[in-house]
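**Q** Quick one: the structure is below, and I'll ask about it shortly.
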Amino acid sequence: MPPPDSSPGAYAYLAFVAWVIPCGLMIDSGSRMLGFVYRYSILMIVATAFVYTLSAGHRLSRRKIVNGLTFVWFFTICGGLLGLAPSRVRLRPRWACSCRAR
């Protein structure tokens, strides 16, 4: 029996799915569940983009794929740096503002 045809990147996608599954096995509290749902939604967005790129690989040039990834990485890095930038703005809960010492 001949091996089944697999699209390029199928093994990488299976490795990705195998990497996501253990993340769900370590949930032991509600806050961890909330964190997992958040991370899982991000991982599913990445998986969708991955499948789309594999499916459209014959229509997209390698240059377009690299340019798209560069665009995403650029804004990810810029957003991370902005998040780390020192700021005088402090976010406090509403109840903390009314309990100031006089």
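**Q** Restricting to the range 56-102, count the residues that are of a type in the set (S, T, Y), open to solvent by 70 Å² or more (accessible area, probe 1.4 Å) and at pLDDT 75 or above. Let's see the steps before the verdict.
**A** As a first pass, look at the range 56-102 and keep what is of a type in the set (S, T, Y): 61, 70, 76, 87, 98.
Filter once more, so that each one left must be open to solvent by 70 Å² or more (accessible area, probe 1.4 Å): 70, 76, 87, 98.
Among the residues that remain, those that are also at pLDDT 75 or above are: 70, 76.
Total satisfying the criteria: 2.
**Q** Also, I was wondering about something else. Taking the stated definitions as given, is S31 within 15 Å of the chain's Cα centre (by Cα), part of a helix (DSSP H, G or I) and at negative phi?
**A** Numbers: within 15 Å of the chain's Cα centre (by Cα): no; part of a helix (DSSP H, G or I): yes; at negative phi: yes.
No: the conditions fail for S31.
The values are calculated or read from the model by the stated rules, or taken from the named source; none is laboratory data. For clarity, every value in this text was computed on a predicted model and none was experimentally measured. Heads up: the accessible areas ignore ligands, DNA and RNA and are worked out on the full protein's heavy atoms, side chains in. Shrake-Rupley method; radii C 1.70, N 1.55, O 1.52, S 1.80 Å.
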